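The values are calculated or read from the model by the stated rules, or taken from the named source; none is laboratory data. Note that the coordinates shown come from a computational prediction; the quantities given were computed from them, not determined experimentally. Here the Cβ positions follow ideal geometry from the backbone for every residue, glycine too, while neighbour counts run over all protein chains shown. Each accessible area value is taken on the protein alone, full model and side chains, heavy atoms only, with ligands, DNA and RNA left out. Shrake-Rupley method; radii C 1.70, N 1.55, O 1.52, S 1.80 Å.
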Amino acid sequence: AIDRGRQAIFRMARFSDVRVTFEERDGRNILLFTVVERPLVRTVKFAGNKELSDEKLRALITVKSPDLYDATALDRNIEAILKAYKEAGYYAAKVEPQIEITELNEANITLNCIEGEEILIDSIRFEGNKAFTAKELKKGMETRERWFLSWMTGRGAYQEEILANDLSLLTDRYFDRGYIEVKVHQPQVKIG
């Protein structure tokens, strides 16, 4: 019954810790539940983000104010932000949370974004292609090499999901020409 009571308190999702103790007062045994409340999120701020706006990042997160602080939810939010950075070509991005708990048990969260450098594709090369030229294969892909206006257009940004789709596009191109046993292998990506 004590364990069920403790679990019921935890299920409320309002407490980070619940301790059960027995005390004797005036010859009577008293069951005492001591709880530690989770902090209330007062603010969520972003720092260091230049490539992705506060508005874009705010749309990705579920931790809002006022809400109870949940470390697991914050971790999921950080993963969502990192995914957005990868989609923008920033594979070296990191997000470091800074949580300040006030004496009123309120949490002020700052998500420090360390963006790193955008990864751009210098060149795309093919090996073993005889039915198509490299130029023909590149035309059928979504992934493009960078050019002098890449900083403005985003062309040439490395994106894993698009590159994975390009493998299917290349395979389909060979199938359309009658090459049924073609194998398009995973690309070798060299950063440096």
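The table that follows gives values for the structure above.
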{"quantity": "Within segment 113-150, tally of residues that are open to solvent by less than 40 Å² (accessible area, probe 1.4 Å) and closer than 18 Å to Lys94 by Cα", "calculated": "3"}
{"quantity": "Among the candidates Glu103, Glu136, Glu79, residue that is under 30 Å from Gly178 (Cα atoms) and without any contact (Cβ under 8 Å) to a residue 40 or more places away in the chain", "calculated": "Glu136"}
{"quantity": "Tabulated pairs, segment 165-192, first more than 16 Å from Ala134 (Cβ to Cβ), second in a loop (DSSP other than H, G, I, E, B) and of a type in the set (A, V, I, L, M, F, W, C), C-beta under 6 angstrom, 6+ apart or interchain", "calculated": "Thr171/Val184"}
{"quantity": "Pick from segment 1-55, criterion within 26 Å of Ala107 (Cα to Cα), acidic (Asp, Glu) and modelled with pLDDT of 85 or more, ranking: least open to solvent (accessible area, probe 1.4 Å)", "calculated": "Asp54"}
{"quantity": "Residue within segment 26-44 that is more than 30 Å from Ile2 (Cα to Cα), within 14 Å of the chain's Cα centre (by Cα) and touching a residue at least 24 places away in the same chain (Cβ under 8 Å) present", "calculated": "no"}
{"quantity": "Selection from segment 83-104 of residues that are open to solvent by 50 Å² or more (accessible area, probe 1.4 Å), within 26 Å of Asp67 (Cα to Cα) and outside any strand (DSSP E or B)", "calculated": "Lys83, Glu103, Leu104"}
{"quantity": "Odd one out for Ala73 among (1) of a type outside the set (S, T, N, Q); (2) in a strand (DSSP E or B); (3) free of Cβ contacts under 8 Å to residues at least 24 places away in the same chain; (4) open to solvent by less than 50 Å² (accessible area, probe 1.4 Å)", "calculated": "(2)"}
{"quantity": "Of the criteria (1) part of a loop (DSSP other than H, G, I, E, B); (2) under 18 Å from Glu100 (Cβ atoms), which one Val41 fails", "calculated": "(1)"}
{"quantity": "Evaluation of Asn49 against (1) more than 15 Å from the chain's Cα centre (by Cα); (2) assigned to a loop (DSSP other than H, G, I, E, B) (one fails), failing number", "calculated": "(1)"}
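Residues checked against (1) under 30 Å from Ala71 (Cβ atoms); (2) part of a helix (DSSP H, G or I); (3) out of contact with any His (no Cβ under 6 Å at 6 or more places or on another chain); (4) modelled with pLDDT of 85 or more:
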residue: Gly128; (1), (2), (3), (4): no, no, yes, yes
residue: Ala131; (1), (2), (3), (4): no, no, yes, yes
residue: Met141; (1), (2), (3), (4): no, no, yes, yes
residue: Arg146; (1), (2), (3), (4): no, no, yes, no
residue: Trp151; (1), (2), (3), (4): no, yes, yes, no
residue: Asp166; (1), (2), (3), (4): no, yes, yes, yes
residue: Gln188; (1), (2), (3), (4): no, no, yes, no
